[in-house]
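Let me begin by presenting the structure, written as structure tokens, before commenting on it.
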Amino acid sequence: MQVLLVSIYDLGRQPFGLASPAAWLRAEGHHVTTADLSRESLPNEALTEVDWIAFHLPMHTATRMAIPQIRSARQRNPAARICCYGLYAPVNEEMLRTLGVTHVIGGEFERALTDLISGRATSVLPVIMDRLPFQVPDRSNLPPLREYAGLMAGGERKVVGYTEASRGCKHLCRHCPIVPVYEGRFRVVQRDIVLADARQQIQAGAEHITFGDPDFFNGPGHALAIVEAFHAEFPGVTYDVTIKIEHLLKHRDTLPVLKRTGCLFVTSAVESLNDEVLARLAKGHTRADFVEALDMTRTQGLTIVPTFVAFTPWTSREDYLDLLRTIRELDLIENVAPIQLAIRLLIPAGSKLLDLADLHTEAFDPAALSYRWLHPDPEMDLLCADLQKLVGLGDQLGVSRREIFAMIWERAFGATPDFNSESRAPIPHLTEAWYCCAEPEEDPFTTV
């Protein structure tokens, strides 16, 4: 079969979601063309000649941006079968089928996609939780790693690779897009596959690896075995991971291992500093837990990168001002990407947030693929909109994080900040800010 695998947008990283199924399909003799539309154009000849077109939909922004591409693919190749796979495919199944999508796969998609294209199956379940024997991702035809988001560290830009040691999550945070699909389950990628994928990217020039698991410590034994082996083979290569606050506290004795094996920073979805908001989100930690985890990681010499959902229906103006004060007091200005201070809560189809009795939304917006909500205080919606524009302008002008934070402070407080806004030594960070659970910007590529 002639197959075209398409990624629309994957947070500035070379997409695992193309490389992994490409390996499965090529192993069965199919001719696979890959297209990452965040870095290259859709191959016109392949589009019109292939038997199958499969779109990877790992996030909300990618799904919205895929809609016109799916329509165009259906018009230009009406005989092709179109499949959508990834986290946002099953929750948007009804809409996708109106576009001419014939198959939708969520969860562990590689074998099901291969069975469909190989003719061993005529239909599949929208969510599959099989434990797969993974294959080494085939990245041979993807754009070079240097064309993707890099790492800024020590005043230099370094080439970054990306791989996954697990998918899904054991936890049930209400706002998380993983929960409607995985429902508290996670699946590991075999250790030798993870290491082989990291190895091939390092050989291709990667100087740093992002382990993109939703939570690296869902399976701490699996994770630690991987970083020990990784460091033994590549002692000069650094990495970063994402870990929940509650896991940092629960597995605090493992933090020295992360430091010793080259972990440059740990991303953690803090989301809010208001305990009532955290309870509504079912985050599993409190404000005090976050402060404790911050102190603990700093003691171990680890950098923590907190992410936030700064604007929710329950976040008051005083909550927001307290967030800014706390970031300043805890010396976290350089740790927090400015976009994190302007994120508005996303409520997509299937969201567990809809179970909350005190959440009031408008009807589902099919164009936005989400439920719209208005803050009880209209000034909060205005503040959020202003800050998103301000952050976007700051990024375009190349303004430092500390300077943007000062601009945010002035808009929020209506007063000149009472701290030095001059740039300080930045912490290591990726050139494209990590974020999730957010209503997308009008143009998600403005900061790429």
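The values are calculated or read from the model by the stated rules, or taken from the named source; none is laboratory data. Not measured: the values here are computed from a predicted model. FYI the Cβ positions are ideal-geometry reconstructions off the backbone, even for glycines, and counts take in every protein chain you see. What goes into the accessible areas is simple: the full protein's heavy atoms, side chains included, and nothing from ligands, DNA or RNA. Shrake-Rupley method; radii C 1.70, N 1.55, O 1.52, S 1.80 Å.
Being in contact (Cβ under 8 Å) with a residue 40 or more places away in the chain and either open to solvent by less than 20 Å² (accessible area, probe 1.4 Å) or not hydroxyl-bearing (S, T, Y) (or both): is that true of A198 here?
no
Identify, by number, the condition in (1) at pLDDT 90 or above; (2) under 21 Å from R157 (Cα atoms); (3) surrounded by 14 or more Cβ atoms within 10 Å (Cβ to Cβ) that L397 doesn't meet.
(3)
Could you check, for the stretch 407-419, whether at least one of its residues is under 28 Å from C173 (Cβ atoms) and open to solvent by less than 40 Å² (accessible area, probe 1.4 Å)?
Within the stretch 407-419, the first condition is being under 28 Å from C173 (Cβ atoms), and the residues that meet it are 408, 412.
Then drop every residue that is not open to solvent by less than 40 Å² (accessible area, probe 1.4 Å), which leaves 408, 412.
So far as the stretch 407-419 goes, yes, one or more of its residues are under 28 Å from C173 (Cβ atoms) and open to solvent by less than 40 Å² (accessible area, probe 1.4 Å).
Is there a residue in the stretch 373-389 that is modelled with pLDDT of 95 or more, within 24 Å of M95 (Cβ to Cβ) and under 23 Å from the mean Cα position of the chain (by Cα)?
Looking through the stretch 373-389, at least one residue is modelled with pLDDT of 95 or more, within 24 Å of M95 (Cβ to Cβ) and under 23 Å from the mean Cα position of the chain (by Cα).
Taking the condition free of Cβ contacts under 8 Å to residues at least 40 places away in the same chain, crowded, with 18+ Cβ neighbours inside 10 Å, in contact with a helix residue (DSSP H, G or I) (Cβ under 9 Å, 6 or more places away or on another chain) and part of a helix (DSSP H, G or I), does A229 pass?
When the stated conditions are applied, A229 does not pass them.
Which condition from (1) more than 23 Å from the chain's Cα centre (by Cα); (2) open to solvent by 10 Å² or more (accessible area, probe 1.4 Å) is the one that V305 breaks?
(1)
Do any helices (runs of 4 or more DSSP H) entirely within the stretch 81-136 hold 1 or more residues that are closer than 30 Å to L195 by Cβ, open to solvent by 10 Å² or more (accessible area, probe 1.4 Å) and polar (S, T, N, Q), and if so, which?
It comes to 110-118.
Starting from residues that are open to solvent by less than 10 Å² (accessible area, probe 1.4 Å) and among the hydroxyl-bearing types (S, T, Y), keep the ones in the stretch 1-44 and report whichever is nearest to V159 (Cα to Cα).
That would be Y9.
Return the total of residues in the stretch 304-341 being in contact (Cβ under 8 Å) with a residue 60 or more places away in the chain and either among the hydrophobic types (A, V, I, L, M, F, W, C) or assigned to a loop (DSSP other than H, G, I, E, B) (or both).
In the first step, residues of the stretch 304-341 are kept if they are in contact (Cβ under 8 Å) with a residue 60 or more places away in the chain; the result is 305, 307, 309-311, 313, 315-317, 320-321, 324, 327-328, 333-341.
Filter again for either among the hydrophobic types (A, V, I, L, M, F, W, C) or assigned to a loop (DSSP other than H, G, I, E, B) (or both), leaving 305, 309-311, 313, 315-316, 321, 324, 327, 333-337, 339, 341.
Looking only at that region, the number is 17.
Open to solvent by 40 Å² or more (accessible area, probe 1.4 Å) and part of a helix (DSSP H, G or I), is that true of R174?
no
Six or more apart or on different chains, Cβ atoms under 9 Å: show the pairs whose first residue is in the stretch 107-123 and free of Cβ contacts under 8 Å to residues at least 60 places away in the same chain and acidic (D, E) and whose second is open to solvent by 10 Å² or more (accessible area, probe 1.4 Å) and in a loop (DSSP other than H, G, I, E, B).
Correct list of pairs: D115/A121; D115/V124.
For the stretch 33-50, which residues satisfy the criterion of being at pLDDT 95 or above, farther than 16 Å from D10 by Cβ and part of a loop (DSSP other than H, G, I, E, B)?
Across the stretch 33-50, the qualifying residue is only V50.
Does at least one position in the stretch 285-300 carry a residue that is under 21 Å from the mean Cα position of the chain (by Cα), of a type outside the set (F, W, Y) and open to solvent by less than 10 Å² (accessible area, probe 1.4 Å)?
No, because not a single residue in the stretch 285-300 is under 21 Å from the mean Cα position of the chain (by Cα), of a type outside the set (F, W, Y) and open to solvent by less than 10 Å² (accessible area, probe 1.4 Å).
Of all residues being crowded, with 22+ Cβ neighbours inside 10 Å and in contact with a strand residue (DSSP E or B) (Cβ under 6 Å, 6 or more places away or on another chain) in the stretch 309-335, which is nearest to C384 (Cα to Cα)? Just the residue, please.
Ranking the candidates gives F311 first.
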